[in-house]
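The values are calculated or read from the model by the stated rules, or taken from the named source; none is laboratory data. Just so you know, these numbers come straight off a predicted model, no measurement behind them. Cβ sites come from the backbone with ideal geometry, for glycine too, and all protein chains shown count toward neighbours.
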Amino acid sequence: MTAMLALELRGLCKSFGGLQVTNDVHLGLGAGARHALIGPNGAGKSTLVGLVSGAIEPDSGQVLSFGRDLTRTSLQSRVKMGLVRSFQITSLFPKLSVLENVQLAVNENTGVADRLWQSMHSLREQRDRCLEILAELQIQAQADFPVENLSYGKQRLVEIAIVLALKPRVLLLDEPAAGIPSTETDLLLSALHKLPAEMAILMIEHDMKLVRDFCADVTVLVSGKVLASGKAQEVMNSASVRNAYLGRSGHDRFTGVKDHA
Amino acid sequence: MAAAGSAHGLEVGTEMELNKHNFWRSRVGLLWWLMALACYFIFPDYRGFGASVLVMTLFALSFGLALGFAGIISLGHAMYFGIGAYVAGRLALAGWQEPISGVLISGLVTGVLAIGIGFVILRLSGLPLLMVTMALSVIVFEAANKATSITGGDDGLTGVSFKPVLGIFNWSLDGNVQFLYSLTWLAVVFLFARRLVSSPYGLSMVGIRENPLRMSLLGAPVLRRLVVMYALCASFAGIAGALLTQNTAFVGLQVLSLETSVDVLVMVVLGGAFSLYGALLGAPVYLIVKYVTQQWNPFYWMLVIGVLLMGVTFFLKGGIAGFLSRIFQNRRTE
């Protein structure tokens with residue numbers, strides 16, 4: 001059964017000096033999961049993403065994907081195996097065009113990036129794949145624009161385009177809506193809804209509306225520990241979660257009483 | 001459209017500017033080569049000087065490729081130039097006087113050397129890399145100065161001679177063969193470099209220059225890619241050094257000096273680091289201005305070069321190459 005899980009965390013622990021940032025975290029995501037990771041600032045969400053993506057090494061515990069133990073696997077190898085993360089602070093190639101940003105990712109993913117002696121022109125297959133992704137996210141009109149000239153919301157879409165180009169089986173979305181003006185969240189949400197159904201997605205997000213609209217499951221992290229985990233509705237309605245994190249207004253936003261709180 | 005057009009988004013600012021690098025891909029680039037050839041016929045008395053300009057242009061190209069496309073900043077590139085020069089010289093003294101294979105062997109030696117060095121130093125970038133490359137080249141310079149049995153020390157390697165090119169063209173004092181031989185090598189390396197920068201590998205180099213961390217998170221082996229690029233550039237520098245030896249039948253310590261590294265940096269910045277034509281424009285302008293002003297006043301030429309460099313840095317974004325491509329672009333859109 002566990003071998004079927006797209007992503008499984010077993011008893012992950014990490015401390016920096018005397019501070020225990022991740023404390024015995026267990027988590028399982030099946031293929032096609034839409035799972036939100038929420039928690040107050042300093043709960044250890046970003047550390048957890050670091051542990052899963054391979055940027056940080058755990059003190060103990062395991063990270064598994066489709067039954068393979070990736071705990072000691074390098075960051076690059078995890079990406080090649082389909083464990084991909086997006087970035088909270090947009091981390092693109094600002095001077096390159098949108099298309100080139102995606103091409104970089106597609107070239108790496110299809111293993112042609114090492115070719116010294118082939119013109120970019122001749123990589124028809126890679127090019128088509130890029131244009132396909134751009135069309136899917138509706139940013140094909142900006143293909144030739146340098147990324148730095150785009151609005152912040154559009155830059156997040158480029159970020160997602162890059163991530164898609166890596167053909168992830170497990171996707172870690174680190175605050176995809178952070179910094180996007182509310183006029184552009186719909187753009188993001190519709191892009192997220194178009195992600196392949198079989199992809200397992202773990203999303204860190206503060207925007208409760210986005211969590212409600214997108215995620216079926218929620219895990220609440222407080223002080224490095226899992227406080228609650230399960231179906232979104234149940235977790236959000238539990239009293240301990242409301243006390244620890246959501247508060248009154250957060251809960252209202254989730255239930256949709258006040259959509260624009 | 002964009003895939004090849006925006007040529008790695010170098011120094012792009014506005015949408016209109018995006019395709020300006022097509023300028024250098026278009027036939028306008030051919031003008032440079034025609035002018036170089038024209039110089040051969042128009043200034044027959046200066047063919048020797050012309051050959052040395054072409055050699056330095058090739059050296060500058062090798063440096064511009066590393067600096068502009070891969071973001072490898074260095075103050076020690078003369079190390080490879082110099083070692084290439086000495087290898088060609090030692091080969092000739094040992095009896096290997098066939099010039100073309102001599103150049104290839106020199107390029108191979110510096111390339112292999114750079115693989116070893118690159119794996120260590122390319123973990124650094126920016127200022128620390130600049131310092132380490134400078135220190136390394138100073139050490140090599142001093143070692144060469146002391147190892148008189150190999151390098152001839154201060155006196156240099158004299159009595160170096162080579163067989164005719166392709167067994168037909170005899171080296172002469174007027175520099176005919178030197179000029180055309182160097183121009184041919186420059187063209188070959190340039191075509192290779194142009195192919196390189198328009199390849200997926202070239203794009204990944206630009207990606208590494210712009211955001212190395214993200215590149216590694218796309219799954220790219222960043223260090224290995226940089227080392228390959230560095231080795232290729234070192235190999236081209238070694239080729240340039242070997243050509244210098246063959247053209248002048250002499251190797252002096254100067255080829256390894258820090259000043260030579262600085263010269264090549266200035267040439268590339270002057271011409272424009274983000275275009276292959278930057279080196280092709282920067283090196284001749286620098287050397288010709290230097291030559292002419294030295295004729296005028298041997299003491300003040302640095303002043304002229306200094307003012308020129310400041311003017312270019314302040315007023316011409318992207319060096320001479322960037323300036324020219326903007327003029328061309330404006331004319332076409334009007």
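Before moving on, here are some points about what is shown:
- Condition check for B:ILE72 on (1) touching a Leu at 6+ places or on another chain (Cβ under 8 Å); (2) in a helix (DSSP H, G or I): one failure, at (2).
- Helices (runs of 4 or more DSSP H) completely within segment B:240-334 that count 2 or more residues being closer than 29 Å to B:GLY102 by Cα: B:258-271, B:276-296
- Residue ranges of helices (runs of 4 or more DSSP H) in segment A:33-109 with at least 3 members more than 20 Å from A:LEU227 (Cα to Cα): A:75-80, A:98-109
- Some residue of segment A:123-130 being facing chain B (nearest Cβ under 7 Å) and at negative phi: yes
- Residues in segment B:173-208 that are buried (at least 21 other Cβ atoms within 10 Å of the Cβ), part of a helix (DSSP H, G or I) and at the interface with chain A (Cβ under 9 Å from one of its Cβ atoms): B:PRO200, B:TYR201, B:GLY202, B:LEU203, B:SER204, B:VAL206, B:GLY207.
- Considering residues of segment A:220-261 that are among the β-branched types (Val, Ile, Thr) and buried (at least 16 other Cβ atoms within 10 Å of the Cβ) only, the residue modelled with the highest pLDDT: A:VAL220
- Scan of segment A:88-101 for residues that are more than 7 Å from chain B (Cβ to nearest Cβ), crowded, with 24+ Cβ neighbours inside 10 Å and touching a Gly at 6+ places or on another chain (Cβ under 9 Å), ordered by number: A:ASN101
- Of residues in segment A:102-133 being of a type in the set (Gly, Ala, Ser) and over 14 Å from B:MET205 (Cα atoms), the one surrounded by the fewest Cβ atoms within 10 Å (Cβ to Cβ): A:GLY111
- Unmet criterion (only one of (1) free of Cβ contacts under 8 Å to residues at least 24 places away in the same chain; (2) over 30 Å from B:ILE168 (Cβ atoms)) for B:ALA231: (1)
- Filter result for B:THR110 (within 17 Å of B:GLY271 (Cβ to Cβ), hydroxyl-bearing (Ser, Thr, Tyr) and modelled with pLDDT of 90 or more): no
- Answer residue from segment B:289-302, given it is modelled with pLDDT of 85 or more and hydrophobic (A, V, I, L, M, F, W, C) and is nearest to the chain's Cα centre (by Cα) among those: B:VAL289
- Residue, modelled with the highest pLDDT, within segment B:204-259, restricted to residues that are among the β-branched types (Val, Ile, Thr) and under 16 Å from B:VAL87 (Cβ atoms): B:ILE239
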